[in-house]
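Below is one structure; the comments refer to it alone.
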Amino acid sequence: MSTGILNLRFLLLASVVALAGCGSAVTRDDSYDPLEGFNRATHGLNKAADAVALRPASAVYSAVTPDIVERSVSNFSENLDHPSRVVNSILQARPVDAGRNFTRFLVNTTFGLGGLFDPASDMGFENVSTDFGETLHVWGAGEGAYVELPFFGPSNARDAIGRAADAMLNPTRLVNLTETETRARGGVRVANLLGKRFDAAPFLDPLLYESTDSYVAIRNSFTQARRAELGDTDADIGLDPFDDPFDDPFDDPVSP
């Protein structure tokens, strides 16, 4: 999945707000936020980094980069994530999704010049985006406490665990790359992040720079967008991934 200073899942939020037809998707406030003090401090760091670096750099990148190059960068970066999506689809017992993502990776890597182009979509193999956070959701784990991660932005306990797991699950990490190839792949990731940040600006900038409390606006927007992505719009905290799975909540601690 793409990463960034303000977690560009907010591209999904645009469709959530549009479908809602009003501000309900971003004003509902039922996040579990016991770490608010830490999260607000982190939010301040992330917001400053966005204002000083990411936001202006994304504008420059979009202005000087031809559209065809931007699309190729996005395609290549997206293709790097498909092996991890295949693994997660298998773990979620969704073989059709796993087959679709595997076919996309195979076709775009071989016929799309390593993923620079996307012939798989033209052949009807659309992308099925998923991650280990969704895998945990399928397995029954609740979202847990809201957390804003330094430089990675809004998340929750379940997705924070999922982010670390995705890095380990992606088979491409086992490929031995030269130093030049590693730098090139990192550069593509950064360029893709800049492009997504620019695309997100019309609805992300008002949340960050025009809302009364940007922390609350970002927290609520992310939480509702993530729940919508998982088809879990009525979710509560549920099972916290940090809880002891063997701890019986109905056990009477004073009984012999």
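A short reminder: the numbers here are calculations on the coordinates, not readings from a lab. Everything quoted here is computed from the prediction, not taken from an experiment. No Cβ is skipped: glycine too gets one built from the backbone with ideal geometry, and neighbour counts run over all protein chains shown.
Put simply, the amide H of N127, placed in the peptide plane, has no neighbours under 5 Å, leaving out anything fewer than 5 places away on its chain.
Each of G153, P206, S89 was scored by the projection of its Cα onto the charge dipole of the stretch 10-229, and the greatest displacement toward the positive side belongs to S89; charges sit on the C-beta of Lys, Arg, Asp and Glu. Tally Lys/Arg at +1 and Asp/Glu at -1 over every other residue whose Cβ is under 13 Å from the Cβ of S89; what's the total? My count for the surroundings of S89 gives -1. What separates the Cα centres of the stretch 40-56 and the stretch 136-155 is a distance of 20 Å. Compute the distance from the alpha-carbon center of the stretch 161-226 to that of the stretch 59-116, in whole Å. Rounded to whole Å, the Cα centres lie 15 Å apart. Hydrodynamic radius of the stretch 10-229 by the Kirkwood approach over all distinct alpha-carbon pairs: 18.8 Å. Of the residues T109, T180, T130, T172, the one with the fewest other Cβ atoms within 10 Å heads the list, and the complete ranking is T180, T172, T109, T130.
Taking amide H positions as modeled 1.01 Å from N, with prolines and chain starts lacking one, the residues under 5 Å from V147 and 5 or more places away or on another chain are S155, N156, A157. Working ranking of peptides 154-160, 189-195, 61-67, 45-51 by packing, defined as the average number of other Cβ atoms within 10 Å per residue, highest first, is 154-160, 189-195, 45-51, 61-67.
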